[in-house]
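Colleague: Below is a structure I'd like to ask you about.
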Amino acid sequence: MPELPEVETVRRGLQPHLEGRRIARLTLNRDGLRWKFPPDLVQVATGATVTGLRRRSKYVLLDLDREAAILIHLGMSGRMLIEGAGLGDFHRDPAILPRHDHVVFETDAGTRITLNDARRFGMVDLIRGSSPLLDVLGPEPLGDDFTGAVLAAAFVGRRAPVKAALLDQGVVAGLGNIYVSEALHRAGIDPRRAAGRIGRARLDALVSHIKDVLTEAIAAGGSSLRDHRQTTGELGYFQHSFRVYDREGAPCPRPGCGGSIQRIVQSGRSSFWCPRCQR
Ligand SMILES: [Zn+2]
């Protein structure tokens, strides 16, 4: 599933094609994905100008000039295509098939922007003002309001493992398996440690490592999860910078550690970590 850096990469890729453009046509090839599309989606979108593109957590929001925004979530396998070419390659799933083109935007410049989603866990919704989907979210990890103090307050009394607590979107928005594993390794924190039993100095460090790993991943255009060999100049090469994620058995990259990366399963999800230097 795409995490914050991948969704931010998609937002940045869409921006030049959508911002300031009018939606000339919106075609829905089915009545919904994870949930049904709102009945007035086509009516509201058609002819509207996209005044801006925002990201909140893993949602991309297209602000329209009519007091509504189109919310897009990529779910497990959703991809945004511009003229049929994918924006990054952030899934393990196989090839893009035209029969999974479910939502097609055509702009007044003639550009076709498609949501292709094989597993149909994605979402397209209309929001006006606030939305329950957004209201439950914690702070943006790259925002100034995500601090060690805020994380400490969210973790008070929590016995859940820190890995699980960081995946809780109400604690901090947009993190998933990859970047939590990477940030915990950088911070030297055992992913099994109870969230409420991590001292403030370590939480301060953790917050700064979360910001760093996300910033670096956005600069790399996110992480490609297929076996691609992008090195530079293309979207999605942060996977070459993974220190622990998907590296089971590899030597720990921390200088002088000498441990090796292990995989454990927590809440049904893989965690990658180094038992020697994460405590
Ligand atoms: Zn280590």
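Colleague: Among the numbered criteria (1) at pLDDT below 95; (2) part of a loop (DSSP other than H, G, I, E, B), which one does G47 miss?
Modeller: The number of the failed condition is (1).
Colleague: How many residues are farther than 21 Å from R120 by Cα and surrounded by 16 or more Cβ atoms within 10 Å (Cβ to Cβ) if we restrict to the range 46-68?
Modeller: The number of residues fulfilling the criteria is 7.
Yes or no, residue by residue, for (1) touching a Pro at 6+ places or on another chain (Cβ under 9 Å); (2) over 25 Å from E216 (Cα atoms); (3) free of Cβ contacts under 8 Å to residues at least 40 places away in the same chain:
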position	(1), (2), (3)
M1	no, no, no
L4	yes, no, no
T9	yes, no, no
Q15	no, no, yes
P38	no, yes, no
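Colleague: Could you go through the range 77-98 and let me know if any residue there is more than 26 Å from F238 (Cβ to Cβ) and either at pLDDT 95 or above or in contact with a Ser or Thr (Cβ under 6 Å, 6 or more places away or on another chain) (or both).
Modeller: no
Colleague: Given the options R66, R79, R120, R55, name the one that is touching a strand residue (DSSP E or B) at 6+ places or on another chain (Cβ under 8 Å), over 16 Å from L33 (Cβ atoms) and not assigned by TED's automatic domain parsing to the domain that holds G170.
Modeller: R55
Colleague: Next up: Residues A153, A165: which one is aliphatic (A, V, I, L, M), without any contact (Cβ under 8 Å) to a residue 24 or more places away in the chain and assigned to a helix (DSSP H, G or I)?
Modeller: Sole residue among the options that is aliphatic (A, V, I, L, M), without any contact (Cβ under 8 Å) to a residue 24 or more places away in the chain and assigned to a helix (DSSP H, G or I): A153.
Colleague: Could you list all residues from the range 115-149 that are of a type in the set (D, E) and over 17 Å from V7 (Cα atoms)?
Modeller: D135, D144, D145, listed by residue number.
Colleague: Can you find, within the range 255-274, the residue that is farthest from the ligand (Cβ to nearest atom) among those that are assigned to a loop (DSSP other than H, G, I, E, B) and in contact (Cβ under 8 Å) with a residue 24 or more places away in the chain?
Modeller: If we take residues in the range 255-274 being assigned to a loop (DSSP other than H, G, I, E, B) and in contact (Cβ under 8 Å) with a residue 24 or more places away in the chain, then S267 is farthest from the ligand (Cβ to nearest atom).
Colleague: Looking at the range 90-99, which of the residues that are in contact with a Lys or Arg (Cβ under 8 Å, 6 or more places away or on another chain) and surrounded by fewer than 21 Cβ atoms within 10 Å (Cβ to Cβ) is nearest to A24 (Cα to Cα)?
Modeller: I96
Colleague: Do we find that G196 is surrounded by 13 or more Cβ atoms within 10 Å (Cβ to Cβ), more than 27 Å from A160 (Cβ to Cβ) and more than 16 Å from the ligand (Cβ to nearest atom) in this structure?
Modeller: No; evaluated as a whole, the condition is false for this residue.
Colleague: Which ones in the range 66-91 are in a loop (DSSP other than H, G, I, E, B) and either among the hydrophobic types (A, V, I, L, M, F, W, C) or out of contact with any His (no Cβ under 7 Å at 6 or more places or on another chain) (or both)?
Modeller: Listed by number, the residues that qualify are R66, E67, A68, L74, G75, M76, E83, G84, L87, G88, F90, H91.
Colleague: Let me confirm something: among G75, G129, G84, G110, which residue is on the phi > 0 side of the Ramachandran plot and buried (at least 18 other Cβ atoms within 10 Å of the Cβ)?
Modeller: Testing whether each residue is on the phi > 0 side of the Ramachandran plot and buried (at least 18 other Cβ atoms within 10 Å of the Cβ) leaves just G75.
Colleague: Among the residues of the range 245-254, write down those that are in a loop (DSSP other than H, G, I, E, B) and within 11 Å of the ligand (Cβ to nearest atom).
Modeller: A250, C252, P253, R254
Colleague: Given the criteria away from the ligand (no atom under 13 Å from the Cβ) and in contact with a helix residue (DSSP H, G or I) (Cβ under 8 Å, 6 or more places away or on another chain), does L184 qualify?
Modeller: no
Colleague: Which residue, of L175, L235, L214, is away from the ligand (no atom under 16 Å from the Cβ), touching a residue at least 24 places away in the same chain (Cβ under 8 Å) and either assigned by TED's automatic domain parsing to the domain that holds T9 or part of a helix (DSSP H, G or I) (or both)?
Modeller: L214
The values are calculated or read from the model by the stated rules, or taken from the named source; none is laboratory data. Predicted, not measured: the structure shown is a model, and the values here were computed from it. Reconstructed Cβ throughout: ideal geometry from the backbone, glycine too, with neighbour counts over all protein chains shown.
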